[in-house]
């Protein structure tokens, strides 16, 4: 008589299969290790912020921010009055990470000085200038990023005062947009070239229209791959040709990250 099949031993703990969480990406999420699957507690870096953190690139009028803040789904974080530069942006992002809201709009950017010097480097209206200032600001931002003082937000939202090419190209996010005057822009150029879905554009001239455009863009942010490293973003900025914004969709980032 054949032996009866052995019953499974239900006394041993089993781990449920790993499943990636739905929703926006989490750069700190990691697949459980074998030790963790066997029941041993492993503490790893996990970001628990439930909000979508969006950095507002550029200066937005105070009344516009106040109007956006009246939305029930948006919390606006402003830099402290007694701080400036990258330290103010780092502190604002740190406060944003502890807020529970659908959207947290941060009116400070740790890459603001990098963006300003990149644009100035390519602005030939006042004569050619070298890259020394850009490299200085890039080094400062990179040092703070490597020291874990900040991480990039989920999205950048660029507010442009004129409704032009940036507005009409929203339906084709792989094409870097540019303001009406085609000034070199770090956010709409190299930053958007590396991750088109993570740089949104709100184009409007009047305060009421700007408020509506910002809220509309917040409600229609598209998912996509997370940012590359800041080293790769800065490398892309060094190799990006601003004239590509007016030439062809692929000329500015043919050899860069996609």
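General remarks:
- Flag for residue 122 being crowded, with 16+ Cβ neighbours inside 10 Å and at pLDDT 95 or above: no
- Matching residues, segment 81-102, being within 16 Å of residue 113 (Cα to Cα), loosely packed, with under 15 Cβ neighbours inside 10 Å and in contact (Cβ under 8 Å) with a residue 12 or more places away in the chain: 85
- Count of segment 30-79 residues, restricted to those that are loosely packed, with under 10 Cβ neighbours inside 10 Å, under 23 Å from the mean Cα position of the chain (by Cα) and at pLDDT below 50, is 2.
- Residues that are part of a helix (DSSP H, G or I), in contact (Cβ under 8 Å) with a residue 12 or more places away in the chain and in contact with a strand residue (DSSP E or B) (Cβ under 9 Å, 6 or more places away or on another chain) within segment 52-68 comprise 64, 65, 68, listed in sequence order.
Residues are listed down the side, and each one gets a yes or a no for (1) modelled with pLDDT under 95; (2) farther than 24 Å from residue 96 by Cβ; (3) assigned to a loop (DSSP other than H, G, I, E, B); (4) in contact with a helix residue (DSSP H, G or I) (Cβ under 7 Å, 6 or more places away or on another chain):
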{"site": "136", "(1), (2), (3), (4)": "no, yes, no, no"}
{"site": "141", "(1), (2), (3), (4)": "no, no, no, yes"}
{"site": "162", "(1), (2), (3), (4)": "yes, yes, yes, no"}
{"site": "171", "(1), (2), (3), (4)": "yes, yes, yes, no"}
{"site": "179", "(1), (2), (3), (4)": "yes, yes, yes, yes"}
{"site": "185", "(1), (2), (3), (4)": "yes, no, yes, yes"}
{"site": "215", "(1), (2), (3), (4)": "no, no, no, yes"}
{"site": "222", "(1), (2), (3), (4)": "yes, no, yes, yes"}
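The values are calculated or read from the model by the stated rules, or taken from the named source; none is laboratory data. Every value quoted in this text rests on a predicted model; they were computed, and no experiment measured them. Using ideal geometry, Cβ is built from the backbone for each residue, glycine included, and neighbour counts are taken over all protein chains shown.
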